[in-house]
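What follows is a set of notes on a single structure, which appears directly below.
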Amino acid sequence: MTYNQPPEQARKKKSSVLWNVMTFLVVVAIGLLVWYFATLWRNPRFLLNPFPPEPSATVFFTETPTITPIQQPPTWTPSITIQPTASRTRAYTWTPLDFVPSETFTLTPIDTQTPSITTTPMPASAEITYHPSTDVHPSSGCDWMGIGGTVLGLDGEPLQFQSIQLGGELGEVIISQLRLSGSAPDYGSSGFEFELGTKPVESTQTLWIQLFDNTNKALTEKIYFDTFDDCERNLVKVAFKRNR
């Protein structure tokens, strides 16, 4: 009596065999991959490596030759000793020369002229005189001290708006004042005046006065003058005059 399996069971048996075969193949493939990567890790230059590393330079070690100097046989070198011998040296004979007097030269100094420096005079000059202050200020008596004056042109005409600067020291006081000609008509149409105090004070060449034109160009040098402790000389008059 023959027993036949049902078709459904036969299909399941065939399917299980197919899965077993595929599982075996997968296990074999995994084993091959493990072997392949292990081989690459140990030997990167493996024949089946698609990306082999660059070959490194090979270093060859060679023995360094040692130079052995050749020993020369000792030789005897004779030395020559020179014995000094006495010799005569001829002495030089000195012949005196007759002294012949030569012509004597006399140096004649050359007259050199020292150049002289010609200074150009300033365009204006000043005349200083001393007066009692009562000539201009009758009621001042001896209780006043100052400087006043005028500025005149080439033809003696009054020059207005010229600058007059007063500077220096009077006692322990520093003086620095500026006036314009024409600001003190008591001295004339080009008059100017500097009031210095309420009593006369003596000084020697410590005060100076200087004239400038209306463009601030100096017309005189600084002119130094004296003052006196004297009621008859407590007004210093300065008369400026253009010379050119």
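The values are calculated or read from the model by the stated rules, or taken from the named source; none is laboratory data. None of the values given here were measured: they were computed from a predicted structure. All Cβ positions, even for glycine, are placed from backbone atoms using ideal geometry, and neighbour counts span all protein chains on display. Protein only, heavy atoms only, side chains kept; ligands, DNA and RNA dropped before computing areas. Shrake-Rupley method; radii C 1.70, N 1.55, O 1.52, S 1.80 Å.
Protein-only accessible surface at a 1.4 angstrom probe places the residues VAL151, VAL28 in the order VAL28, VAL151, largest first.
Each peptide in 142-149, 123-130 gets a packing score, the mean of other Cβ atoms within 10 Å over its residues, and the list from highest to lowest is 142-149, 123-130. Sorting the segments 194-201, 229-236 by their mean number of nearby beta carbons within 10 angstrom, highest to lowest, gives 229-236, 194-201. For a straight C-alpha distance cut-off of 19 angstrom, the lysines reachable from LYS241 (same-chain residues fewer than eight places away being disregarded) are LYS217, LYS222. Relative to the Cα centre, the charge distribution of segment 140-244, modelled as +1 at Lys and Arg Cβ and -1 at Asp and Glu Cβ, gives a dipole magnitude of about 500 debye.
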